[in-house]
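Here the structure is laid out as structure tokens; the discussion comes afterwards.
The values are calculated or read from the model by the stated rules, or taken from the named source; none is laboratory data. Here the structure is a predicted model, which is why all the values come from computation and not from measurement. Please note: Cβ atoms are built from the backbone with ideal geometry, for glycine as well, and neighbour counts cover all protein chains shown. Ligands, DNA and RNA are excluded from the accessible area calculation, which covers all protein heavy atoms including side chains. Shrake-Rupley method; radii C 1.70, N 1.55, O 1.52, S 1.80 Å.
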Amino acid sequence: MIVIINLFKKNKVLELVAPMTGKSIAINQVPDQVFASGMMGPGVAFDSNESIVYAPCSGKLTLMPSSKHAFGIKAANGAEVLVHIGLDTVNLNGEGFEALAKQDNKVKAGEPMIKFDRAAISAQGYNLITMLIVTNAANYQVNLSDPSSVKGGTTSVMTIK
């Protein structure tokens, strides 16, 4: 008996949805050089009045730091996606953030991941612009959509092939 394994499976397109409801912003418009320069990878940012952040895709939750200001998901196709809430919010050491999912668990696109106290964090002077980045984009073809207004957990904002 001969078993043939097809190593050349057709690449499927992974669709990323907005992690928040609000307005999408070009990543190069983020007032932080690390994100704006694309150093962390291609992506898009969001300006929102919401306090819930949703999973942009299904996969394994590989990163949920104790500061709860960000999370990372590894999709089934191997793409690594980072959602980062605010600028310099790591300095809050988790104050004002609540994780709604646990690291190493499987998550589904649109599932609530983090809840945060927008008023308390903003009152401390933090910008709450939220970034969605593909951190291992060199391995993929990343295409950004161009919706101006988005619904968290629903609106497609990027595809990865």
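Name every residue in the range 86-110 that is under 17 Å from the mean Cα position of the chain (by Cα) and open to solvent by 60 Å² or more (accessible area, probe 1.4 Å), in order of residue number.
Asp88, Val90, Glu98, Leu100, Lys102, Gln103, Asp104, Asn105, Lys106, Lys108
Considering each of Lys23, Lys60 in turn, give the residue that is among the charged types (D, E, K, R) and either part of a loop (DSSP other than H, G, I, E, B) or within 20 Å of Asn127 (Cβ to Cβ) (or both).
Result: Lys23 is the single residue among Lys23, Lys60 that is among the charged types (D, E, K, R) and either part of a loop (DSSP other than H, G, I, E, B) or within 20 Å of Asn127 (Cβ to Cβ) (or both).
Take the range 121-136 and flag every residue that is crowded, with 19+ Cβ neighbours inside 10 Å and under 16 Å from the mean Cα position of the chain (by Cα).
Matches in the range 121-136: Leu128, Ile129, Thr130, Met131, Leu132, Ile133, Val134.
Restricting to the range 41-51, name every residue that is open to solvent by 20 Å² or more (accessible area, probe 1.4 Å) and assigned to a loop (DSSP other than H, G, I, E, B). Lay out the reasoning, then the answer.
Of all residues in the range 41-51, those open to solvent by 20 Å² or more (accessible area, probe 1.4 Å) come to 42, 47, 49-51.
Residues satisfying the conditions are Pro42, Asn49, Glu50, Ser51.
Does the range 88-98 include one or more residues that are within 17 Å of Phe46 (Cα to Cα) and part of a strand (DSSP E or B)?
no
Of the numbered conditions (1) at pLDDT below 95; (2) under 14 Å from His69 (Cβ atoms), Ala138 fails exactly one; give the number of that condition.
Exception for Ala138: condition (2).
Return a yes/no flag: does the range 52-74 have any residue that is under 15 Å from the mean Cα position of the chain (by Cα), open to solvent by 60 Å² or more (accessible area, probe 1.4 Å) and among the polar types (S, T, N, Q).
For the range 52-74, residues under 15 Å from the mean Cα position of the chain (by Cα), open to solvent by 60 Å² or more (accessible area, probe 1.4 Å) and among the polar types (S, T, N, Q): present.
Arg118 fails exactly one of the following numbered conditions: (1) surrounded by 13 or more Cβ atoms within 10 Å (Cβ to Cβ); (2) farther than 14 Å from Ser66 by Cα; (3) touching a Gly at 6+ places or on another chain (Cβ under 8 Å); (4) not small (Gly, Ala, Ser). What is the number of that condition?
That leaves (3) as the condition not met.
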